[in-house]
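The values are calculated or read from the model by the stated rules, or taken from the named source; none is laboratory data. From a predicted model like this one, the values you see are computed outputs, not experimental measurements. Note: ideal-geometry Cβ built from the backbone for every residue, glycine included; neighbour counts use all protein chains shown.
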Amino acid sequence: MASTVEELRGRTTGQVITQDDPGYDEARVVYNAMIDKRPSVVVRATDVADVVAAVNHARENEIPIAVRGGGHSVPGFGTVDGGVVIDLALMREVTVDPTAKTARAQGGATWNVFNDATHAHGLATTGGFVSTTGIGGLTLGGGIGYLARGAGLSCDNLVGAEVVTAKGETLMATEDENADLFWALRGGGGNFGVVTELRYRLHPVSDVYGGPMFFELSDSPALLRFFRDFMMDAPEELGMFPAFQIAPPLPFIPEDRHGDTFMAMVACWAGPPEVGEKVLQAVHDVAPVVAEHVGVAPYPALNSAFDALYPAGLQHYWKTSFATELTDSAIDVHMEYGPKVPAVNSTMHIYALNGAVQRVAPDATAFAHRDAMFATNIAGMWPDPADNEANTAWVRDYYDALTPHSEAGGYVNFMAEDDQDRIRANYRGNYDRLVEVKRAYDPGNLFHRNQNIVP
């Protein structure tokens, strides 16, 4: 029997907001300002019981669900027209066990909250490159970050998850309990339920050595070739990526160069700082540095260094691909499109994925691209909707030109909403097994606001 909104309110302790309530427009806003949806109800959950009530309400009324953790979903999967938004933002508690080197975090926690809690004990796990991102979405899609070459992906450090399923049941998923679900959660995205708690393995990382280095565009080909070769056998404590970047008005960049486009190299050395300085000297030997902000910093400080460039409310359109090598022909493509980066918020990053990432078998988790050496993310972000057509075209043209030099699938966390035709390629040989798990836990596809695995 279908429940009413009033019955839903009676079953929850968190706020239940409809379009007739004050604060509705604020409650429905998401990170990507291109997305403008009108859900029938937003549930600001305060505990698992609220999540269960919201899932049951959606299922009973046969309306869709959108799950919002950190809210950073570029395709806008954290909202939905006419459905239920389960907003986990109030569920963000993080508890650290420093002896066991583990952490338990509620599903609405963001990486800045998580990092602050673990850093107090000199510990960390792989997060992303912006600390306002939610831990849940990043981890469920794989989780590429600064620490990945040494510590593995975020999903490789997941040791357990609490999940509310489409039936409204609360399950634990670990290697020993609901192991099929645990396998699928590590890379399969939000297809299988609402993850209300994540449990992670932590690593001894406190202060790191690194930051951004800016080089002239004319040195980009040499820097990209250096990055390609150097990262093949660089120490695993090093996370580093090249980026095409318009210089923001920061004090360490010469004032007369603000607004110019550069090749940036961003590094994070998680080993002894004095060793990191020697390792990064190799970058300086490639070309003269125009400006840099490199030194010893707490890991959370580096992980949040770019937050201000990516505030909520920008227009977003992203594309992503994997590659087993960064060929000279691919570098030619980067040189054609990268310097045309359209806004200070827009960028292109190339992440190296060897080391610990490649020591996990392709079928050990749902994240299948264990042979990929590089992940390329073309992130179009800008403030003015009037630029949407031109800047979206820059992302698409760049991506299309790289396609002949890339693998068929990509990284689900960086996919656009128009990438649904790539789902099978994204999961490669794991796709059929993911369909089986989907059929077991969500046969009606209640959770389809994602890079969807159809049961």
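Scanning segment 92-110 for residues that are of a type in the set (Val, Ile, Thr) and either part of a strand (DSSP E or B) or touching a helix residue (DSSP H, G or I) at 6+ places or on another chain (Cβ under 6 Å) (or both), we see that the one that is surrounded by the fewest Cβ atoms within 10 Å (Cβ to Cβ) is 95. Scanning segment 246-266 turns up no residue that is out of contact with any Phe, Trp or Tyr (no Cβ under 6 Å at 6 or more places or on another chain), hydrophobic (A, V, I, L, M, F, W, C), over 30 Å from residue 422 (Cβ atoms) and crowded, with 24+ Cβ neighbours inside 10 Å. With respect to residue 299, is the statement that it is closer than 22 Å to residue 122 by Cβ and within 18 Å of the chain's Cα centre (by Cα) true? Answer is yes for this residue.
Pairs meeting the criteria (first residue in segment 167-181 and in the same structural domain as residue 57 (by TED's automatic domain parsing), second residue at pLDDT 95 or above, beta carbons under 7 Å, at least 6 apart or on different chains) are lacking.
For segment 51-76, which residues satisfy the criterion of being within 17 Å of the chain's Cα centre (by Cα), more than 17 Å from residue 163 (Cβ to Cβ) and not aliphatic (A, V, I, L, M)? 70, 71, 72, 73, 75, 76, listed by residue number.
Within the option set 70, 14, being buried (at least 16 other Cβ atoms within 10 Å of the Cβ) and either in contact with a Phe, Trp or Tyr (Cβ under 9 Å, 6 or more places away or on another chain) or closer than 27 Å to residue 125 by Cβ (or both) holds for one residue only, 70. Scanning segment 78-91 for residues that are out of contact with any strand residue (DSSP E or B) (no Cβ under 6 Å at 6 or more places or on another chain) and either crowded, with 24+ Cβ neighbours inside 10 Å or within 14 Å of residue 30 (Cα to Cα) (or both) yields 81, 88, 89. The set of residues in segment 254-292 that are of a type in the set (Val, Ile, Thr), over 18 Å from residue 236 (Cβ atoms) and over 27 Å from the mean Cα position of the chain (by Cα) comprises 286, 289, 290.
Checking each residue in segment 168-193 for being under 19 Å from the mean Cα position of the chain (by Cα) and among the charged types (D, E, K, R) picks out only 186.
Here is the figure for segment 368-408: residues that are more than 26 Å from residue 33 (Cβ to Cβ), crowded, with 22+ Cβ neighbours inside 10 Å and touching a helix residue (DSSP H, G or I) at 6+ places or on another chain (Cβ under 6 Å) total 1. No other residue among 431, 411 is modelled with pLDDT under 95 and closer than 17 Å to residue 371 by Cβ apart from 411. Residues that are outside any loop (DSSP other than H, G, I, E, B) and either among the polar types (S, T, N, Q) or in contact with a Gly (Cβ under 6 Å, 6 or more places away or on another chain) (or both) are absent from segment 444-455. Among the residues of segment 344-360, is there at least one that is buried (at least 16 other Cβ atoms within 10 Å of the Cβ), in contact (Cβ under 8 Å) with a residue 60 or more places away in the chain and over 28 Å from residue 114 (Cα atoms)? No, segment 344-360 contains no residue that is buried (at least 16 other Cβ atoms within 10 Å of the Cβ), in contact (Cβ under 8 Å) with a residue 60 or more places away in the chain and over 28 Å from residue 114 (Cα atoms).
So if I check each of 171, 181, which one is surrounded by fewer than 21 Cβ atoms within 10 Å (Cβ to Cβ) and either outside any loop (DSSP other than H, G, I, E, B) or at pLDDT below 95 (or both)?
On the way: 181 fails: surrounded by fewer than 21 Cβ atoms within 10 Å (Cβ to Cβ).
Only one candidate qualifies: 171.
Specify which of the listed residues (314, 280) is outside the structural domain of residue 31 (by TED's automatic domain parsing), under 30 Å from residue 76 (Cβ atoms), out of contact with any helix residue (DSSP H, G or I) (no Cβ under 8 Å at 6 or more places or on another chain) and surrounded by 18 or more Cβ atoms within 10 Å (Cβ to Cβ). Before the answer, list the steps.
Numbers: 280 fails: under 30 Å from residue 76 (Cβ atoms).
Among 314, 280, only 314 is outside the structural domain of residue 31 (by TED's automatic domain parsing), under 30 Å from residue 76 (Cβ atoms), out of contact with any helix residue (DSSP H, G or I) (no Cβ under 8 Å at 6 or more places or on another chain) and surrounded by 18 or more Cβ atoms within 10 Å (Cβ to Cβ).
For residue 54, the requirement of being surrounded by 18 or more Cβ atoms within 10 Å (Cβ to Cβ), outside the structural domain of residue 413 (by TED's automatic domain parsing), of a type outside the set (Val, Ile, Thr) and outside any strand (DSSP E or B) is met. Sub-8 Å Cβ pairs linking a first residue in segment 137-161 that is on the phi < 0 side of the Ramachandran plot and charged (D, E, K, R) to a second residue that is surrounded by 24 or more Cβ atoms within 10 Å (Cβ to Cβ) and part of a helix (DSSP H, G or I), at least 6 apart or interchain, are 149/357; 156/357, ordered by first then second residue.
Criterion first (hydrophobic (A, V, I, L, M, F, W, C), under 30 Å from residue 138 (Cβ atoms), at pLDDT below 95 and out of contact with any Asp or Glu (no Cβ under 9 Å at 6 or more places or on another chain)) does residue 267 satisfy it? Taking the combined requirement at face value, the residue does not satisfy it. For segment 111-126, filtered to residues that are in contact with a strand residue (DSSP E or B) (Cβ under 7 Å, 6 or more places away or on another chain) and among the hydroxyl-bearing types (Ser, Thr, Tyr), the residue that is surrounded by the most Cβ atoms within 10 Å (Cβ to Cβ) is 125.
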